[in-house]
Amino acid sequence: MEAKAILRNVRISPRKVQIVLDLIRNKSTEVALATLKYTPKAACEPLEKLLKSAMANAENNHNMDINNLYVSECFVCPGPVMKRIMPRAQGRAFRILKRTSHITIVLKENE
C-alpha cells in the first residue's frame, strides 16, 4: 500500500529541488519533516507542504498509520519552461529560461 502526492508547475528549477529531495529519500516522515524545516533552501517550503499532503492522503484515503510511514520514492520532473527576453547591449536580446517543476512524493508503511 502506498500514498502519493504530486505538486505540478512549481516555479523553481528541478535542479534545486533535486538537492533537497536527495536529503529526505528513504527517511521516516518525522525525520523528513524535521530535515525540510531546518534546511535553508528555497525548495523546502513547497516540499514540506507536499509531504504533509502525502501524509494526509495516507491517513485519510488509505487508512495507513502515519507513525510508520517513510518516503519510499521522491522525484522531480521538469515542467513547462517560460521563455523571457533580457535586453542587452547593441540591440541584442538574451533569453532567460524560467523553469518549473513537477514534484512527486510516494510514502509507504514500514513492515
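The values are calculated or read from the model by the stated rules, or taken from the named source; none is laboratory data. Every value quoted in this text rests on a predicted model; they were computed, and no experiment measured them. Glycine also receives a Cβ, built like all others from the backbone with ideal geometry; neighbour counts cover every protein chain displayed.
Inspect all residues belonging to segment 82-100 and state whether any of them is modelled with pLDDT of 95 or more and surrounded by 14 or more Cβ atoms within 10 Å (Cβ to Cβ). Scanning segment 82-100, I find at least one residue that is modelled with pLDDT of 95 or more and surrounded by 14 or more Cβ atoms within 10 Å (Cβ to Cβ), so the answer is yes.
For first residues located in segment 22-49 and without any contact (Cβ under 8 Å) to a residue 40 or more places away in the chain, partners that are surrounded by 17 or more Cβ atoms within 10 Å (Cβ to Cβ) and not in a helix (DSSP H, G or I) and lie 6+ apart or on another chain with Cβ distances below 7 Å form the pairs ALA32/VAL71; ALA42/ILE12; ALA43/ILE12. Looking at segment 1-11, which of the residues that are among the hydrophobic types (A, V, I, L, M, F, W, C) and over 10 Å from the mean Cα position of the chain (by Cα) is surrounded by the most Cβ atoms within 10 Å (Cβ to Cβ)? If we take residues in segment 1-11 being among the hydrophobic types (A, V, I, L, M, F, W, C) and over 10 Å from the mean Cα position of the chain (by Cα), then ALA3 is surrounded by the most Cβ atoms within 10 Å (Cβ to Cβ).
Results for (1) at pLDDT 95 or above; (2) in a helix (DSSP H, G or I); (3) out of contact with any Gly (no Cβ under 7 Å at 6 or more places or on another chain); (4) within 19 Å of GLU111 (Cα to Cα), shown as yes or no for each residue.
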{"position": "LYS4", "(1), (2), (3), (4)": "yes, no, yes, yes"}
{"position": "ARG15", "(1), (2), (3), (4)": "yes, yes, yes, no"}
{"position": "GLU30", "(1), (2), (3), (4)": "yes, yes, yes, yes"}
{"position": "LYS37", "(1), (2), (3), (4)": "yes, yes, yes, no"}
{"position": "GLU48", "(1), (2), (3), (4)": "yes, yes, yes, no"}
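Name the single residue that is surrounded by the most Cβ atoms within 10 Å (Cβ to Cβ) among those in segment 56-81 being under 14 Å from VAL31 (Cβ atoms) and touching a Ser or Thr at 6+ places or on another chain (Cβ under 6 Å). Among residues in segment 56-81 that are under 14 Å from VAL31 (Cβ atoms) and touching a Ser or Thr at 6+ places or on another chain (Cβ under 6 Å), the one surrounded by the most Cβ atoms within 10 Å (Cβ to Cβ) is LEU69.
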